[in-house]
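**Q** Let me give you the structure first, and then I'll get to my questions.
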Amino acid sequence: MDNATDLRIIKTRRTIRNALVDLMSEKELSAVTISELSARAEINRKTFYRHYRTISDVVAELENEILSEFSEIIKNGNDSLLNIGAVFRDISALVERRRDFFVRLMTYNHDLFNNGKIKAMLRKTLSVSLRKAGAAMGEQSIKAVSEFLISGVLALYADWFDNNCEGSLDFITEISVNMATGGLGSFLSAAELSAVRLK
């Protein structure tokens, strides 16, 4: 497969995903048909089936796209959620930049931030980071702290969407950073907190 073919595939799949996001803002996902989606994407049904089996496959790819963007934020933070200020600010920037996309996706999956792959990835990363930082706590405590912290932060974003994105995301970010660092301060020494480069 040559580069031109690869680019055509990427472009077609992106066009289908974008068309679905548009349709999701107009109606329930369950009411969207493949014929309607194909028409919106300006392709025929045969082309759709060359790329996806079902509309659910398109949704799964949309969610994986979001997961990939969150994963990139973690990588930029040196694979550590303990670089908490930078990570949370990057997450807020992503949410702000893709606001319309998140709003439409959350009409289908209201628990996008409260459950699922995004939460699991952030929770796992925090658990690994706490172990690496030498937090003086057992495995049960690490899991509990990670669950509590990540659930709280993601709930703030979910609530922001539930309230029609009213208010400043900067406020949510700073609350998240302050609560996270304050909470982690109960388990990490000042030197350990300093070493993880909170920004």
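**Q** Share of the chain's accessible area from carbon and sulfur, percent, 1.4 Å?
**A** 51 percent
**Q** Can you tell me the orientation of helix 117-132 relative to the chain, as the angle in degrees between its alpha-carbon axis and the longest Cα principal axis, to the nearest 10?
**A** Compared with the principal axis, the helix lies near 30 degrees.
**Q** As I understand it, the value is the acute angle between the Cα axis of helix 55-76 and the longest principal axis of the Cα atoms of the chain; what does it come to in degrees, rounded to 10?
**A** For helix 55-76, the angle is close to 30 degrees.
**Q** Would you look at the GNM of the chain, springs on alpha carbons closer than 10 Å, and say which of T15, T47, T107 moves the most?
**A** Its mean-square fluctuation being the largest, the pick is T47.
**Q** Using 7 Å Cα-to-Cβ label points, what is the S168/D6 separation (nm, one decimal)?
**A** Distance between label points: 4.4 nm.
**Q** With a Förster radius of 22 Å, plug the Cβ-Cβ distance of T181 and A144 into 1/(1 + (r/R0)^6) and report the FRET value to the nearest 0.05.
**A** 0.80
**Q** Describe numerically, in nm with one decimal, the distance between label points set 7 Å from Cα along Cα→Cβ at A31 and at D57.
**A** Roughly 2.6 nm, to one decimal.
**Q** Using a 10 angstrom Cβ neighbour count of at most 16 plus a DSSP loop assignment to flag exposed GluC sites (Glu not before Pro), which longest range of the chain is free of such sites?
**A** 43-165
**Q** Put a dot 7 Å past each Cα toward the Cβ at N115 and E69; how far apart are the dots in nm?
**A** Those two pseudo-labels are separated by 2.3 nm.
The values are calculated or read from the model by the stated rules, or taken from the named source; none is laboratory data. In this text, all values refer to a predicted model and were calculated from it rather than measured experimentally. Positions of Cβ are backbone-derived with ideal geometry, glycine not excepted, and every protein chain shown enters the neighbour counts. Only protein heavy atoms, including side chains, enter the accessible area calculation; ligands, DNA and RNA are left aside. Shrake-Rupley method; radii C 1.70, N 1.55, O 1.52, S 1.80 Å.
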